[in-house]
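Undergrad: Handing you a structure now.
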Amino acid sequence: MSALPLLSSIARSGALAGFALVYVVASAQNQHVGLFTSHQDVGTVLHPGSAEYDSEKWSYTVSGSGANMWFGKDDFHFAWRKLTGDIAISADIAFVGAGGDPHRKAVLMIRQSLDPGSPAVDIAVHGVGLTSLQYRDAAGANMHEVQANVSAPRTVRLEKHGDFFYAFVTGKDGKVEPAGAATKIAFTGPFYVGIGVCAHNKDVVEKAVFSRVQLQQLPPSAGKAVLLSSLETIAVASTDRHVEYTSTAHFEAPNWTRDGSALIFNQEGTLRRLTIGSADPVTIDTAPQIHLNNDHGLSPDGQLLAISDRSPEDSKSRVYVVPLAGGKPRQLTNDGPSYWHGWSPDGKTLAFTGERGGNFDIYTVPVDGGSETRLTTAPGLDDGPEYSPDGGWIYFNSERTGQMQIWRMKSDGSQQDQVIFDDSNDWFPHISPDGQWMVFIAYEKGVTGHPGEKDVELRLMSMKDQKVHLLAKLFGGQGTINVPSWSPDSRRLAFVSYELLPEETVSNK
């Protein structure tokens, strides 16, 4: 037996800041591969996998079989090291050989155990270039993913900061930058970190090369946190999430245009339009109203935008309408504050939340101008009014019972009934265009108001039987889903999630 410097080659490269150089005793049974203590097949595989380290190129070649890394268990080959604390792992990944299953996966992974159904987080590069943050938040639970908006990036990186996991990818400028994908999972004690390959076909073996592999123990953050905003869409049928746009600017509340080609959100007092698949949004001219908040939305015919702006001298928000392409806004509400939330299906009436006499209630006002009509009078806050697609009902959230819950009433304000009965604080109901679903945002019990930077859930209720299930967990709240954001075909939903990244982890890439 001989003493082997396990980390020496990578330590010389400066990649292991924070790690001490250690030595292990090698024997015929030792399976160490470069940085990693061991490697093995996880789950059920028909063909054994392998892992090899090229010390001259500082690269790893991993071969793996397995049917999938998805649903409630993983089948793949994994080279791993057991660690604790905050860490980062990064690599350049390239598959060996053309063809193969388009969903074969090469991953950087952190998992609680080597059990197939273990809680796990990984950044996966697929055979077709799809790159996503995948995660299983409980043993045996189904895997979920947040897809990056870049394909086959040169470098991928996964960071663990406490219970939060963040994905990074190489951007167009060649620098590693936040992918806008994150999740929160609490691991206990030591965990396994490493690299792996799954063939996505139980009958074959696929191979990938991991080069420039870096594994770092991260020190406690010494700088301030940087806010990252991500505009995401989620498919209702699969719950797969996709990052459309991300920025260190703070933005909020996406609307989907009626033709499904673009998303509109507010940032720095103005509205921005992002064409799906494009890199950068453009500003919609609403001058002189340039102090907009996150209460805005499109008319049924898609020609007008309702906006809420606090530009008047008293800094109290009023409701306006402006052409979708931009132009001079036309004011509809005289009193403030007033915050738009809903547009009647016939395009003739707006529903909004207004504070009058110290109480927030729900009102309507004609689009062509006229007097406002008060629909609710209950003590406390009534907010977020939105019409059903047939125009017969207005859904809203109310704290009249002492807890924020979802209610509805006839469009004339009659027959006010509670819809959701649960222990969370629920806000901003949005009905899908086909009338089949209602989405809303749920805060934990005890959270008052609708603040930002909170762990929240997007929940989906069937309008047919009123059964509610989880659509997504995320870090967000205020700005996530304040306004209608269903796609025209009712298949997807747009929302904003947020990350608070250590300043050094953003600036040092």
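Undergrad: Among what's in the stretch 182-192 and is in contact with an Asp or Glu (Cβ under 9 Å, 6 or more places away or on another chain) and part of a loop (DSSP other than H, G, I, E, B), pick the residue that is surrounded by the fewest Cβ atoms within 10 Å (Cβ to Cβ).
TA: Ala186
Undergrad: Can you name every residue in the stretch 56-67 that is of a type outside the set (Val, Ile, Thr) and either surrounded by fewer than 19 Cβ atoms within 10 Å (Cβ to Cβ) or not in a strand (DSSP E or B) (or both)?
TA: Glu56, Lys57, Trp58, Ser59, Ser63, Ser65, Gly66, Ala67
Undergrad: Pairs needed: first member in the stretch 307-326, assigned by TED's automatic domain parsing to the domain that holds Leu274 and of a type in the set (Lys, Arg); second member anywhere, surrounded by fewer than 20 Cβ atoms within 10 Å (Cβ to Cβ) and in a strand (DSSP E or B); C-beta distance under 6 Å; at least 6 residues apart or different chains.
TA: Going by the 6 Å Cβ cut-off, the qualifying pairs are Arg318/Gln331.
Undergrad: Just give me the residues in the stretch 340-353 being buried (at least 24 other Cβ atoms within 10 Å of the Cβ) and either closer than 22 Å to Asp314 by Cα or basic (Lys, Arg) (or both), in sequence order.
TA: Within the stretch 340-353, Trp340, His341, Phe352, Thr353 meet the criteria.
Undergrad: Looking at Lys105, Lys82, which one is closer than 20 Å to Gln31 by Cβ and in the same structural domain as Glu52 (by TED's automatic domain parsing)?
TA: None of the other options fit; the residue is Lys82.
Undergrad: Looking at the stretch 40-50, is at least one residue in a loop (DSSP other than H, G, I, E, B), surrounded by 18 or more Cβ atoms within 10 Å (Cβ to Cβ), at pLDDT 95 or above and of a type in the set (A, V, I, L, M, F, W, C)?
TA: yes
Undergrad: For the stretch 219-242, does any single residue satisfy the condition of being of a type in the set (Ser, Thr, Tyr) and without any contact (Cβ under 8 Å) to a residue 40 or more places away in the chain?
TA: yes
Undergrad: Can Asp426 be described as of a type in the set (D, E, K, R), in contact with a Lys or Arg (Cβ under 8 Å, 6 or more places away or on another chain) and either touching a residue at least 60 places away in the same chain (Cβ under 8 Å) or surrounded by 14 or more Cβ atoms within 10 Å (Cβ to Cβ) (or both)?
TA: yes
Undergrad: Given the criterion in the same structural domain as Ser238 (by TED's automatic domain parsing) and within 30 Å of Ala222 (Cβ to Cβ), identify the matching residue among Val483, Val419, Val496, Val439.
TA: Of Val483, Val419, Val496, Val439, the one residue that is in the same structural domain as Ser238 (by TED's automatic domain parsing) and within 30 Å of Ala222 (Cβ to Cβ) is Val496.
Undergrad: Pick from the stretch 433-460 the residues that are surrounded by fewer than 21 Cβ atoms within 10 Å (Cβ to Cβ) and within 19 Å of Asp390 (Cβ to Cβ): which of them is nearest to the chain's Cα centre (by Cα)?
TA: The qualifying residue nearest to the chain's Cα centre (by Cα) is Trp437.
Undergrad: Here's another thing I want to ask about it. When the residues of the stretch 145-163 are filtered to those that are touching a residue at least 60 places away in the same chain (Cβ under 8 Å) and surrounded by fewer than 17 Cβ atoms within 10 Å (Cβ to Cβ), which remaining residue is farthest from Glu503 (Cα to Cα)?
TA: The extreme case among them is Arg154.
Undergrad: Continuing with the same structure: Yes or no: the stretch 193-213 includes at least one residue that is touching a helix residue (DSSP H, G or I) at 6+ places or on another chain (Cβ under 9 Å), crowded, with 16+ Cβ neighbours inside 10 Å and farther than 30 Å from Glu252 by Cβ.
TA: Looking for residues that are touching a helix residue (DSSP H, G or I) at 6+ places or on another chain (Cβ under 9 Å), crowded, with 16+ Cβ neighbours inside 10 Å and farther than 30 Å from Glu252 by Cβ, one finds at least one in the stretch 193-213, hence yes.
Undergrad: Any idea which of (1) crowded, with 19+ Cβ neighbours inside 10 Å; (2) under 22 Å from His39 (Cβ atoms) is the one Ala179 doesn't satisfy?
TA: So the condition that Ala179 fails would be (2).
Undergrad: Which of the numbered conditions does Val125 fail, given that it passes all the others? Conditions: (1) surrounded by fewer than 20 Cβ atoms within 10 Å (Cβ to Cβ); (2) of a type outside the set (Asp, Glu); (3) farther than 22 Å from Lys473 by Cα.
TA: (1)
Undergrad: How do the strands (runs of 3 or more DSSP E) wholly within the stretch 85-169 filter down when requiring 2 or more residues that are over 18 Å from Phe210 (Cβ atoms): which remain?
TA: So the answer is 131-136, 144-147, 155-161.
Undergrad: Report yes if Gly384 is out of contact with any Leu (no Cβ under 8 Å at 6 or more places or on another chain), surrounded by 13 or more Cβ atoms within 10 Å (Cβ to Cβ) and at pLDDT below 95, otherwise no.
TA: Against the criterion (out of contact with any Leu (no Cβ under 8 Å at 6 or more places or on another chain), surrounded by 13 or more Cβ atoms within 10 Å (Cβ to Cβ) and at pLDDT below 95), Gly384 does not qualify.
Undergrad: Look at Trp70 and say whether it is of a type in the set (A, V, I, L, M, F, W, C), modelled with pLDDT of 95 or more and surrounded by 22 or more Cβ atoms within 10 Å (Cβ to Cβ).
TA: no
Undergrad: Output the residue which, of all residues in the stretch 313-357 that are touching a Gly at 6+ places or on another chain (Cβ under 6 Å) and not in a strand (DSSP E or B), is nearest to Thr376 (Cα to Cα).
TA: The residue in question is Ser344.
Undergrad: Being of a type in the set (Lys, Arg), in contact with a strand residue (DSSP E or B) (Cβ under 6 Å, 6 or more places away or on another chain), assigned by TED's automatic domain parsing to the domain that holds Ser230 and at pLDDT 95 or above is true for just one of Lys473, Lys467. Which residue is that?
TA: Result: Lys473 is the single residue among Lys473, Lys467 that is of a type in the set (Lys, Arg), in contact with a strand residue (DSSP E or B) (Cβ under 6 Å, 6 or more places away or on another chain), assigned by TED's automatic domain parsing to the domain that holds Ser230 and at pLDDT 95 or above.
The values are calculated or read from the model by the stated rules, or taken from the named source; none is laboratory data. None of the values given here were measured: they were computed from a predicted structure. Cβ sites come from the backbone with ideal geometry, for glycine too, and all protein chains shown count toward neighbours.
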